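Have a look at the structure below before the remarks.
The values are calculated or read from the model by the stated rules, or taken from the named source; none is laboratory data. Note that this is a predicted model, so its numbers are computed, not measured. Don't worry about glycine lacking a Cβ; one is built from the backbone with ideal geometry, like all the others, and counts go over all protein chains shown.
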Amino acid sequence: MGGTVAVLGHHLTIYRRVWRGSVFTSFLVPVLFLLGMGISVGGYVDERQGPLGVPYLDFIAPGLLMSTALQVAVSEAMWPVFDGFAWSRRYEVMRTAPVRTRDILLGHVAFVQLRALIAVAGFLLVMTLFGAVHSALAPLALPVGVLVGCATSIPIFGYSAHVKSENMFAVVMRFGVIPMTLFAGVFFEVGAMPPAARALAYVSPLWHGVELARGATLGVDTAWSWPLHVGYLLLWIAVGWPLALRQFTRRLDT
Amino acid sequence: MSLIEAQGLVKRFGDFTAVDGIDVRVEAGEAFGFLGPNGAGKSSTMRMVGCVSPPTDGQLRIFGMDPVRDGPAIRSRLGVCPQQDSLDLELTCLENLTVYARYFGIPRKVARERARELLDFVQLGDRADSPVEPLSGGMKRRLVIARALINEPEIVLLDEPTTGLDPQARHLVWERLFRLKQRGVTLVLTTHYMDEAEQLCDRLVVMDAGKIVAEDAPRALIERYSTREVVELRFGLDGLDTYADKLAGVGERLEVLPDRILLYAADGDDAVAQVHGRGLTPSSVLVRRSTLEDVFLHLTGRTLVD
Amino acid sequence: MVTTALALPRAARRIDEGLRRSLAVTGRNATLARHLGYWWLLASGFFEPLLYLLSIGFGVGALVGELPLPDGRTVPYAEFVAPAMLASSAMNGAIAESTMNLFAKMKHMRLYDAVLATPVTPVEVAVGELIWATVRGGMYCAAFLVIMVAMGLTTVWGALLAFPATLLVCFAFGGAGMLLATFMKGWQDFDYLMAAQFALFLFSGTFAPVDSFPTVARWLMELTPLYHGVELVRAATTGTFQWVLLWHLAYLVALLVVTLRFAGRRMGGLLLK
Ligand SMILES: Nc1ncnc2c1ncn2[C@@H]1O[C@H](COP(=O)(O)OP(=O)(O)OP(=O)(O)O)[C@@H](O)[C@H]1O
Ligand SMILES: [Mg+2]
């Protein structure tokens, strides 16, 4: 425990030096998104009284909220982790002190979730200012954001410990993050896609997060019952953690 | 009880054997050195002693404890200066030490005080609050050494503490390490430098290809494996072997290097006289005292490369 | 335009030697890509705009319906959005390749120290990097245009016209990105760059016509460079030819020439200390 906290403290100390840009963007990006997609494209969508049943801005806001959690958590689990092994060798240094490998992993995972939480909280605030929040359950979107962050970033911790070149991170973005963002129900309902694509959306952790977040901010029913969505996200964590720990152990204890 | 005890210690990476059954004992308060060419297995050994790399085979005890089972307990009493500088470039010198101190559960206030003292100790006191990135190589190295001391370790492991430093910076590091030793801290270091080994180490082992080929005090090694003096003869670069034939019998032993011939003899001047006596006229002659380098050459058949 | 007219003849005299040396810089990048075995990764980059097209063009398109073009015709949303995706991905690719790459090389790898010890000048380095960025970007764009034709989102002639327009966008943003790289202090600055890039992506008439925004916002958007790129490419793929295209064209060419000259000068200042 002490080890985990010390590792978290280490990352926070570094973050204290570089936080400005990331906080700035985590407020600016949602504002831009809500203006550009929600209001401007939304104007055309709402004119036609489509199948969504809610204004387009309200529809995409919770989706964007979760994709923010996804983006922040996954990118924080890529380059900084690679850096810890290959460039700054921060992990190796931690390892020479009396901390265990699992503390190193857990401490960094905790830091990444904190980053995701800050981004999600900022976004939720902006959403509220845009009038896109319609339910008292909205604060529940925060833990959902962390859940999405954990489910997606923990396996990536393992991946980042495994790859030999940072060029391999483009694969994660290209075949994971971007397709999820585009097809997991953020911009339109997955029901509008052909069955095969829909099945892929169901597999992706983001869709489950988006369903939960939409339930929270709009007060609408989730596609499946909510414990199923939560359970599915927990499954990703349960599978991802041992994989990540194994890769970290392989790198740090040989 | 010895602080470090290794018996038949082996480290394999896949089917490659990096450390091939070595026996080492390090007593409290001594300065112990590993000397060897690139790839000899020095760092691999240091990492096993540092409890960050489990031994493949053999016995290893540090403070009488098992590194695999008691890793954290052992590491809390060790200071480690890895071969490659690994500092947080974004942080200040002081922060680099205090952040690291937290891993040992050192309270913040104590950590800050100790960090300041250590920065003074390695003469970086005036750099405490400046970022690490622009420091010179020697300053970074000193900072890493300071970091290794933050937990007041009983053993300090130093993997090539002075590689890449200028002579002045090296002397500074040596002097600081010497002071540590005087305070009773046990030093274990690896090096490619003979002068470093001679200056710092009470005892050393020479490693080659994962094995220990000799072990003793530096002076004793020189006496055992070399003669009192060495004569270096240069004849140009061609036909050194024919010259070697003509020199047979001069001195105790002779070694042909790519660019010169070494004659090992108790009395160098006498050997030079014999060379001239055989009608040979080398382009240059140098008589010097024997060094660890000669021991090394004798044991491993090659010169040391940095 | 004036700058172009002055710069061109002088450049022409040196172009032979200079271009050859620039191409050496390009060649280094290409060798590296081949060496690292990430060609397939580079190649997969083209899926990205395709995914955007499928998601936004068709997924969101089903919700949006049809949108008007500058000449008054209305077209399905996918047809409206596809050229904008193309132009933005050309911009993103060019900036990623020029700004990030250049910054990394200048700051961390000290690579250019070695290159500049040879007869290559900073400007040639800049041009060489830019050619590399454009070669990559151009391949993605060509592939994307083929897909647009296959999906009936444009005609073959439209695609042939759009291709040089996308190259111009690559070049212009590559030049701007390089200039920006010389002002970057640390990796943190990239957060701001990403945000700026993202703003351009959303507000350049990409997802909705600029006249759907309030007048002031619209003027601002019309000043930004991606807007001109989007308009140019969209005009080509939808076959909407108007005189205002000349203005878009001139804007991008001027951007390219001016940024490139400054980038070269600043790189010289930064590297030849
Ligand atoms: N993690 C690893 N995986 C595979 N091989 C390794 C690993 N670490 C070290 N080796 C190999 O073990 C051998 C010994 O390496 P080691 O780093 O211990 O040498 P060294 O004596 O410290 O050399 P140097 O003087 O160059 O630092 C080398 O051949 C090296 O390639
Ligand atoms: Mg080594």
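Return the residues of segment A:201-239 that are closer than 26 Å to C:ALA62 by Cβ and at pLDDT below 95; say none if nothing qualifies.
A:GLY219, A:VAL220, A:ASP221, A:THR222, A:ALA223, A:TRP224
Within segment A:89-102, is there a residue that is buried (at least 19 other Cβ atoms within 10 Å of the Cβ), small (Gly, Ala, Ser) and farther than 18 Å from A:SER67 by Cα?
Yes, some residue in segment A:89-102 is buried (at least 19 other Cβ atoms within 10 Å of the Cβ), small (Gly, Ala, Ser) and farther than 18 Å from A:SER67 by Cα.
For segment B:75-86, give me the residue count where each residue is more than 16 Å from ligand 1 (Cβ to nearest atom) and crowded, with 22+ Cβ neighbours inside 10 Å.
Total satisfying the criteria: 3.
What are the residues in segment B:118-138 that are under 26 Å from the mean Cα position of the chain (by Cα) and closer than 24 Å to A:VAL7 by Cα, if any?
Within segment B:118-138, B:LEU118, B:LEU119, B:VAL132 qualify.
Taking B:PRO37 as the residue in question, decide whether it is within 12 Å of ligand 1 (Cβ to nearest atom), within 30 Å of B:ALA128 (Cβ to Cβ) and in the same structural domain as B:TRP174 (by TED's automatic domain parsing).
Spelling it out, it is not the case that B:PRO37 is within 12 Å of ligand 1 (Cβ to nearest atom), within 30 Å of B:ALA128 (Cβ to Cβ) and in the same structural domain as B:TRP174 (by TED's automatic domain parsing).
For segment C:101-112, state whether one or more residues are surrounded by 19 or more Cβ atoms within 10 Å (Cβ to Cβ) and either at pLDDT 85 or above or farther than 27 Å from C:ASP189 by Cβ (or both).
No, segment C:101-112 has no match at all.
So which of A:GLY43, A:GLY21 is at pLDDT 85 or above and either farther than 13 Å from A:PHE187 by Cβ or within 7 Å of chain C (Cβ to nearest Cβ) (or both)?
None of the other options fit; the residue is A:GLY43.
Yes/no per residue for (1) within 22 Å of A:VAL112 (Cβ to Cβ); (2) aliphatic (A, V, I, L, M); (3) surrounded by fewer than 16 Cβ atoms within 10 Å (Cβ to Cβ):
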{"position": "A:ALA136", "(1), (2), (3)": "no, yes, yes"}
{"position": "A:VAL146", "(1), (2), (3)": "yes, yes, no"}
{"position": "A:PHE183", "(1), (2), (3)": "no, no, no"}
{"position": "A:PHE188", "(1), (2), (3)": "no, no, no"}
{"position": "A:LEU212", "(1), (2), (3)": "yes, yes, no"}
{"position": "A:GLY215", "(1), (2), (3)": "no, no, no"}
{"position": "A:ALA223", "(1), (2), (3)": "no, yes, no"}
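Looking at segment B:193-202, is at least one residue closer than 30 Å to B:VAL110 by Cβ and more than 13 Å from ligand 1 (Cβ to nearest atom)? Show your work before the answer.
Just the residues of segment B:193-202 that are closer than 30 Å to B:VAL110 by Cβ, to begin with: B:200.
Imposing the further condition that a residue be more than 13 Å from ligand 1 (Cβ to nearest atom) reduces the set to B:200.
So far as segment B:193-202 goes, yes, one or more of its residues are closer than 30 Å to B:VAL110 by Cβ and more than 13 Å from ligand 1 (Cβ to nearest atom).
Quick check on B:LYS181: is it within 16 Å of ligand 1 (Cβ to nearest atom), under 17 Å from the mean Cα position of the chain (by Cα), surrounded by 15 or more Cβ atoms within 10 Å (Cβ to Cβ) and of a type in the set (Lys, Arg)? Steps first, answer last, please.
On the way: within 16 Å of ligand 1 (Cβ to nearest atom): no; under 17 Å from the mean Cα position of the chain (by Cα): yes; surrounded by 15 or more Cβ atoms within 10 Å (Cβ to Cβ): yes; of a type in the set (Lys, Arg): yes.
Here the answer is no, as B:LYS181 does not meet what is asked.
Out of the residues in segment B:14-23 that are surrounded by fewer than 21 Cβ atoms within 10 Å (Cβ to Cβ) and in contact (Cβ under 8 Å) with a residue 24 or more places away in the chain, which is farthest from B:VAL213 (Cα to Cα)? Before you say what the answer is, go through the steps one by one.
So in segment B:14-23, the residues surrounded by fewer than 21 Cβ atoms within 10 Å (Cβ to Cβ) come out as B:14-17, B:20-21, B:23.
Filter again for in contact (Cβ under 8 Å) with a residue 24 or more places away in the chain, leaving B:17, B:20-21, B:23.
Numbers: B:THR17: 16, B:ASP20: 11, B:GLY21: 12, B:ASP23: 11 Å.
Per the criteria, the residue is B:THR17.
Could you go through segment B:133-154 and let me know if any residue there is among the acidic types (Asp, Glu), within 29 Å of B:GLY39 (Cβ to Cβ), in contact with a Ser or Thr (Cβ under 8 Å, 6 or more places away or on another chain) and in the same structural domain as B:CYS93 (by TED's automatic domain parsing).
No: zero hits.
Consider C:ALA250 carefully, then state whether it is surrounded by fewer than 20 Cβ atoms within 10 Å (Cβ to Cβ) and modelled with pLDDT of 90 or more. So that I can check it myself, show each step before the final result.
On the way: surrounded by fewer than 20 Cβ atoms within 10 Å (Cβ to Cβ): yes; modelled with pLDDT of 90 or more: yes.
Yes, satisfied.
Which pairs turn up if I take residues in segment A:93-104 that are within 22 Å of B:LEU158 (Cα to Cα) and facing another protein chain (nearest Cβ under 7 Å) and look for partners that are of a type in the set (Lys, Arg) and assigned to a helix (DSSP H, G or I) with beta carbon separation below 7 Å, at least 6 apart in sequence or on another chain?
Close Cβ pairs (under 7 Å, with a partner that is of a type in the set (Lys, Arg) and assigned to a helix (DSSP H, G or I)) amount to A:THR96/B:ARG75; A:ALA97/B:ARG75; A:PRO98/B:ARG75.
Within segment B:3-18, track down each residue that is away from ligand 2 (no atom under 12 Å from the Cβ) and either on the phi > 0 side of the Ramachandran plot or in contact with a helix residue (DSSP H, G or I) (Cβ under 9 Å, 6 or more places away or on another chain) (or both).
Across segment B:3-18, the qualifying residues are B:ILE4, B:ALA6, B:GLY8, B:LEU9, B:LYS11, B:PHE13, B:GLY14.
Restricting attention to segment B:145-160, and to residues there that are more than 9 Å from every other protein chain (Cβ to nearest Cβ) and within 16 Å of ligand 1 (Cβ to nearest atom), which single residue is surrounded by the most Cβ atoms within 10 Å (Cβ to Cβ)?
Only one residue tops the list, namely B:LEU158.
Please note which helices (runs of 4 or more DSSP H) are completely contained in segment C:157-273 and include at least 1 residues that are in contact (Cβ under 8 Å) with a residue 60 or more places away in the chain.
Result: C:189-202, C:225-238, C:244-271.
Among the numbered criteria (1) crowded, with 22+ Cβ neighbours inside 10 Å; (2) at pLDDT 95 or above; (3) of a type outside the set (D, E, K, R), which one does B:TYR103 miss?
(2)
State whether one or more residues within segment B:35-53 are surrounded by fewer than 20 Cβ atoms within 10 Å (Cβ to Cβ), within 16 Å of ligand 2 (Cβ to nearest atom), at negative phi and at pLDDT below 90.
Checked segment B:35-53: at least one residue is surrounded by fewer than 20 Cβ atoms within 10 Å (Cβ to Cβ), within 16 Å of ligand 2 (Cβ to nearest atom), at negative phi and at pLDDT below 90.
How many of the residues in segment B:65-118 are at the interface with another protein chain (Cβ under 7 Å from one of its Cβ atoms), without any contact (Cβ under 8 Å) to a residue 40 or more places away in the chain, closer than 30 Å to B:LEU165 by Cα and outside any loop (DSSP other than H, G, I, E, B)?
Matching residues across segment B:65-118 total 4.
Sort out which residues of segment B:35-64 are more than 7 Å from chain A (Cβ to nearest Cβ) and farther than 18 Å from B:VAL188 by Cβ, and write them in order of number.
B:PRO37, B:ASN38, B:GLY39, B:THR56, B:ASP57 - these are the residues of segment B:35-64 that are more than 7 Å from chain A (Cβ to nearest Cβ) and farther than 18 Å from B:VAL188 by Cβ.
So if I check each of B:SER53, B:SER43, B:SER130, which one is assigned by TED's automatic domain parsing to the domain that holds B:LEU200, within 16 Å of ligand 1 (Cβ to nearest atom) and without any contact (Cβ under 8 Å) to a residue 60 or more places away in the chain?
On inspection, the qualifying residue turns out to be B:SER53.
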